[in-house]
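No value in this document is a laboratory result; all are computed from the given coordinates. Because the structure is a prediction, the values reported are computed rather than measured. Cβ coordinates were reconstructed from backbone atoms using ideal geometry, including for glycine residues, and neighbour counts include every protein chain displayed.
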Amino acid sequence: MQLRNRKRMFIEEAEPSDISSVSQIHIKSFKRGWSDGEFERFLVQDHYWCMVARQPRLVRKKITGFILVKQIANEAEIITVATLPNSRRRGIGEQILSETIRRLKADRVHSLLLDVEETNTGAIGLYRKFGFEEINRRESYYSSSDEEAVKNAAIVMRLDLLN
């Protein structure tokens with residue numbers, strides 16, 4: 001996958017001190033964001049790992065995006081991925097996903113799964129660009145908001161990594 005000619009980020013394994021930043025990005029990105037404690041509960045488990053995108057030129061190397069992955073044997077699943085709202089459409093998600101796929105291939109993982117809300121056309125386009133294919137739908141999986149009764153489907157996608 002050829003990345004767009006965008007500013008390169010440092011993509012690296014998250015450190016325990018990054019949990020608060022990751023949580024804040026998640027809160028800004030989703031209707032029901034996860035707390036620091038929720039992320040900690042994932043990351044203390046053996047099969048979960050998180051990678052972050054850091055701005056390369058800042059002294060503090062601000063985190064602009066992240067991905068949380070569950071990896072067991074030869075299969076992996078993207079649990080959640082997000083970038084700061086003011087950093088979207090700059091190739092950060094593309095860089096995070098590219099590095100994640102590189103790592104999974106190095107680990108000889110066979111497939112990568114995810115689900116995405118059917119209305120999230122930007123994310124769906126990114127996943128398709130990497131070769132993910134829709135394999136299932138979960139109807140009425142996501143609530144559109146707390147006040148509305150509308151429920152959106154989750155599109156389940158898979159990328160075969162051994163090709």
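Can you compute the FRET efficiency between ASN120 and LYS70 using 1/(1 + (r/R0)^6), with r the Cβ-Cβ distance and R0 = 22 Å? Round to the nearest 0.05.
The value I calculate is 0.65.
A crude spin-label estimate for the pair GLU13 and LYS28, with each label 7 Å from Cα along the Cβ direction, gives 2.7 nm. Net charge dipole, the chain: roughly 1040 debye, given to the nearest 20, about the Cα centre with Cβ charges of +1 for Lys and Arg and -1 for Asp and Glu. Given axes a ≥ b ≥ c from the Cα gyration tensor, I'd like to know whether the chain is rounded (a/c under 1.5), prolate (a/b larger than b/c) or oblate. Rounded, because the longest to shortest axis ratio a/c is under 1.5. Spin-label model, HIS110 to ASN86: label points 7 Å out along the Cα-to-beta-carbon direction sit 4.6 nm apart. Approximating the spin labels as points 7 Å out from Cα along Cα→Cβ, the LEU162-to-GLU134 distance works out to 2.7 nm.
Scanning the chain for GluC sites (Glu not before Pro) in DSSP loops with at most 13 other Cβ atoms within 10 Å, what's the longest stretch left with none? Please list the in-between numbers first.
Working: sites that count: GLU147, GLU148.
The longest such stretch corresponds to 1-146.
Near ILE78: Cβ cut-off under 9 Å, other residues only, Lys/Arg at +1 and Asp/Glu at -1. The net charge is -1. Spread over its residues, the convex hull of the C-alpha atoms of segment 77-135 is 88 Å³ per residue. Which is farthest toward the positive dipole end of segment 8-163 among THR121, MET9, GLY131, measuring Cα position about the Cα centre, with Cβ charges +1 (Lys, Arg) and -1 (Asp, Glu)? The residue sitting most towards the positive pole is MET9.
Taking a straight line from the alpha carbon of LYS129, these lysines sit under 23 Å away, with near neighbours fewer than eight places off in the same chain left out: LYS7, LYS70, LYS105. Within the straight-line cut-off of under 19 Å between alpha carbons, the lysines reachable from LYS31 are LYS151, sequence neighbours fewer than 8 places apart in one chain being disregarded. Farthest towards the positive end of the charge dipole of segment 22-142, among the residues LEU97, TYR48, GLY65, is the Cα of GLY65, using unit charges on the Cβ of Lys, Arg, Asp and Glu.
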